[in-house]
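Trainee: Shown below is the structure under consideration.
The values are calculated or read from the model by the stated rules, or taken from the named source; none is laboratory data. Just so we're clear, the structure is a prediction, and the values are computed from it rather than from any experiment. Cβ: placed from backbone, ideal geometry, glycine included. Neighbour counts: every protein chain shown. Keep in mind that these areas ignore ligands, DNA and RNA; they rest on the heavy atoms of the full protein, side chains included. Shrake-Rupley method; radii C 1.70, N 1.55, O 1.52, S 1.80 Å.
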Amino acid sequence: MHIAVCMKQVPDSAQIRVHPVTNTIMRQGVPTIINPYDLFALEEALRLRDKFGGEVTVLTMGPPMAEDSLRKALTFGADRAVLLTDRFFAGSDTLATSFALSAALEKIAAEFGETPIVFTGKQTIDGDTAQVGPGIAKRLGLNQLTYVSRIAEVDQAGQTITVERRAEGGVQLLQTRLPVLITMLEGTNEIRRGSLADAYRAASAKLVSWNAADAGIVDLAKCGLRGSPTIVKKVFAPQARAEAARMLAVEDGAEAVMTEIFVRQPALEAELMRFASGQ
Amino acid sequence: MSDTSRASTKKALPEHFKAYKHVWVAVELEHGVVHPVSFELLGEGRKLADKRGVDLAGVVMGGDEASVLAAAQECFEYGADLVYTVTDKVLADYRNETATKALTDLVNSYKPEILLLGATNLGRDLAGSVATTLRTGLTADSTGLEIDDEGSLAATRPTFGGSLLCTIMTLNFRPQMATVRPRVMAMPARQPGRVGRIVEHPLGLAEDEVVTKVLKFIADRASNKAQLAYADIVVAGGLGLRSAENFQLVKSLAEVLGAEYGGSRPLVQKGWITAERQIGQTGKTIRPKLYIAAGISGAIQHRVGVEGADLIVAINTDPNAQIFQFAHLGIVADAIEFLPRLTEAFRSYLSVNRLAG
């Protein structure tokens, strides 16, 4: 089975700093990583490949330096890496991103074989939208399975898949037909370390690099800035709270803290009484 | 999303979008219950509709008439002028396929200018599909919704983990879509007995045309873990607790207060708490009356998840910790030492007053 995994290279959010004057992200020196949520998708894809045979192709759209993340994915055991990079993609919102990735996925299927399963992570840690996965599913007509916590069964002969999906207030056991798009929930597996052989292979592997034309994209108006229905009107830093915190000293004691809580939230005191009385 | 050069685009709404009017909220009805985020959105949608001088509509999709009508009535009482209903057995359990068709059909038939959904697993699953089908713009996890001078929806959301806020607009496509996380917007007051108009719409989809089947729904155990977002009191711990064992101190205080407990993201990564208990940008947004943060430094990712709390009390050894910049009450103390004292203070006060009462 040939499985595709869409990944994104993101700045390590823990280390992001915002320029105090210009309100722009200070990218210099900020390390980039594979979006952590995508690693759950990659591991799940590798497990399916190990079980059923076949190949895993990882795909990312981004600047040429996104090659780092693709190479990293190869060290984990992915078989092929495709970089989709073109200045026409700059400024893409989620709709334009799903357009470009869908085109590349179609090209991957044509060049390297059909992909009955396409994976993405749940969301990215920089955009946090969780919209690109569903966007790809809709564009390619894939059955959409988001927030998947477990793949229960893949029936290749019957072309069906059964998964557990995290829903509101419970878990849905869903069965649908291949091909599918799966967004994998976090914490569902742990990315493997990758073998020494994979590390050697990754170091010397030649990545597939496509621009828009290579990916078969004719309509550039659907790409990047021009293809994005949303516009970013304003970027700004969160405001500090106008009123500073009232600081209590440890010496005031815990009772002082409790008293201050009740002074500020009188209704809470009555509610707590009722709770303590077991009513 | 961060590319500011997109800001230069001018509004020039194509003629065929000019008929799009009214503000819609896609209501989450599952297993006979409406998700509270839908009411929060109706409250916010009401303000947008009033500003635009248009109607506020709820969209209720469900499998049986009784629960759909009950949900519609709730929509009226939370501010909707009208409710579009789609009642069909294939909508009994949420499925992307059926819900996308139902909602997309409604949009194409009745043409709303603004469409809001909850940023829950259901809402995010549905919104992405609908926006892509309609080829329109969608802003995820908005924390602020405004109408600008030109009458367009300005949706503000945190980006880069909350380090920045950006305001996003869909100027030339309709509807303008946005999702909002539970508890980000305040719950509006309910107006019992308020009524409105119901517009029924047929789906016209038979079960054997639907590819995806729900074989089973395994409800979460009746534990309180799902209640964190809606708890009145929340006690949370961070790395300042220094060990998994010390997290018990958070639980003890929570128990005395009848509160829910949670923690910052590093605690989930260390395995001290489960992901359902994570509070912050990538976890739960909470809006309690009282939030007590013990040993949490208050990174921006945490802040965006808790700043809706009425009263934030922070305990941290570092007087310069970021959490004191958005807390209302601060105590510079070691949480490991101070939490038991606070627990005891509440315990004895409540027991004395309970006896007195």
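Trainee: Sort the following peptides by mean Cβ neighbour count (other Cβ atoms within 10 Å, averaged over residues), highest first: B:10-23, A:120-133, A:35-48, B:182-195.
Mentor: Per-residue Cβ counts within 10 Å, averaged per peptide and sorted highest first, yield A:120-133, A:35-48, B:182-195, B:10-23.
Trainee: Suppose R0 equals 22 Å; then what is the FRET efficiency for A:K51 and A:L173 from their Cβ-Cβ distance, rounded to the nearest 0.05?
Mentor: Using R0 = 22 Å, I get an efficiency of 0.65.
Trainee: Trypsin sites (Lys or Arg not before Pro) within region A:220-279: which are DSSP loop residues with at most 16 other Cβ atoms inside 10 Å?
Mentor: Those that pass, being in a loop and sparsely packed, are A:R226, A:R241.
Trainee: Please give me, ordered by residue number, the GluC sites (Glu not before Pro) of region A:138-206 that lie in loop per DSSP and have at most 16 other Cβ atoms within 10 Å.
Mentor: Counting only loop positions with at most 16 other Cβ atoms within 10 Å, the GluC sites (Glu not before Pro) in region A:138-206 are A:E190.
Trainee: For region B:4-209, report the accessible area per residue in Å² (1.4 Å probe, heavy atoms, rounded to an integer).
Mentor: Heavy-atom SASA per residue in region B:4-209 reads 35 Å².
Trainee: Ignoring ligands, DNA and RNA, please state the percent of accessible area on the protein assembly as shown from carbon and sulfur, probe 1.4 Å.
Mentor: Carbon-and-sulfur percentage of accessible area, whole number: 51.
Trainee: Right, next: How big is the B/A interface in buried accessible area, both sides summed, 1.4 Å probe, to the nearest 100 Å²?
Mentor: 8000 Å²
Trainee: Right, here's the next one. Please identify the trypsin sites (Lys or Arg not before Pro) of region B:94-167 that satisfy two criteria: DSSP loop assignment and at most 14 other Cβ atoms within 10 Å. Which are they?
Mentor: B:R135
Trainee: Go ahead and run the numbers for FRET between B:R341 and A:A221, Cβ-Cβ distance against an R0 of 56 Å, rounding to 0.05.
Mentor: For B:R341 and A:A221, the calculated efficiency is 0.30.
Trainee: Provide A:E251, A:E106, A:E260, B:E245 ordered by accessible surface of protein heavy atoms (probe 1.4 Å), highest first.
Mentor: Sorted by accessible area, descending: A:E251, B:E245, A:E106, A:E260.
Trainee: Could you tell me the calculated FRET efficiency between B:N353 and B:R197, based on Cβ-Cβ distance and R0 = 60 angstrom, to the nearest 0.05?
Mentor: 0.75
Trainee: How large is the accessible surface of A:V56 in square angstrom, using a 1.4 angstrom probe and rounding to the nearest 10?
Mentor: Approximately 0 Å² of A:V56 is accessible to the 1.4 Å probe.
Trainee: Roughly how many nanometres apart are two label points built 7 Å out from the Cα toward the Cβ at A:D12 and B:H31?
Mentor: 4.0 nm
Trainee: At 1.4 Å probe radius, can you tell me the per residue accessible area of chain A in Å²?
Mentor: So chain A comes to 43 Å² accessible per residue, rounded to a whole number.
Trainee: So how tilted is helix A:67-76 from the main axis of chain A? Cα-based, degrees 0 to 90, rounded to 10.
Mentor: It works out to around 80 degrees.
Trainee: If I fit a long axis through the Cα atoms of helix B:121-134 and take the longest principal axis of the Cα atoms of chain B, what angle between them do I get, 0 to 90°, rounded to 10?
Mentor: For helix B:121-134, the angle is close to 30 degrees.
Trainee: For labels at B:Q227 and B:D64 in the simple 7 Å Cα→Cβ model, what's the distance in nm?
Mentor: For B:Q227 paired with B:D64, the spin-label model returns 2.6 nm.
Trainee: Another question, then. Under unit Cβ charges (Lys, Arg +1; Asp, Glu -1), what dipole magnitude, rounded to 20 debye, does the protein assembly as shown have relative to its Cα centre?
Mentor: It comes to approximately 880 debye.
Trainee: Applying the Karplus parametrisation 6.51 cos²θ - 1.76 cosθ + 1.60 with θ = phi - 60° to the phi angles of region B:269-276, what ³J(HN,Hα) value in whole Hz is obtained for each residue in order, glycine and proline being reported as x?
Mentor: Ordered by residue, 3J(HN,Hα) equals 4, 7, x, 6, 9, 7, 4, 5 Hz.
Trainee: Mind checking which aspartates and glutamates have their Cα closer than 15 Å to the Cα of B:K51? Skip sequence neighbours fewer than 8 apart in that chain.
Mentor: B:D81, B:E113, B:E146, B:D148, B:D149, B:E150
Trainee: Total Lys pairs in chain A closer than 21 Å by alpha-carbon, pairs eight or more apart in sequence or interchain only?
Mentor: 14
Trainee: What is the sum of charges, Lys and Arg at +1 and Asp and Glu at -1, for the other residues whose Cβ falls under 10 Å from the Cβ of A:T120?
Mentor: Surrounding charge for A:T120 is +1.
Trainee: Considering only B:G58, B:C75, B:T167, whose Cα is most displaced toward the positive end of the charge dipole of region B:4-209, charges sitting on Cβ of Lys, Arg (+1) and Asp, Glu (-1)?
Mentor: Looking along the dipole axis, the top candidate is B:T167.
Trainee: Can you give the net charge of the other residues whose Cβ lies under 13 Å from the Cβ of B:R287, counting K and R as +1 and D and E as -1?
Mentor: Around B:R287, the charge tally is -1.
Trainee: Also, I was wondering about something else. If the chain between A:A213 and A:R192 were fully stretched, how many nm would it gain, using 0.36 nm times the residue separation less the Cα-Cα distance?
Mentor: 4.1 nm
Trainee: What is the Cα coordinate range of the protein assembly as shown on the first, second and third principal axes, sorted by size from largest, in whole angstrom?
Mentor: The Cα atoms of the protein assembly as shown stretch 78, 64, 51 Å along their principal axes.
Trainee: Using only the alpha-carbon atoms, how far is helix B:247-257 inclined from the longest principal axis of chain B? Give it as 0 to 90 degrees, nearest 10.
Mentor: Between helix and principal axis, roughly 80 degrees.
Trainee: Show me the three semi-axes of the equivalent ellipsoid for region A:178-268, from the C-alpha gyration tensor (sqrt of 5 times each eigenvalue), largest first, rounded to whole Å.
Mentor: 54, 28, 16
Trainee: Ordering B:K89, B:K111 by accessible area with a probe of 1.4 Å, largest first, what comes out?
Mentor: The most accessible residue leads, giving B:K89, B:K111.
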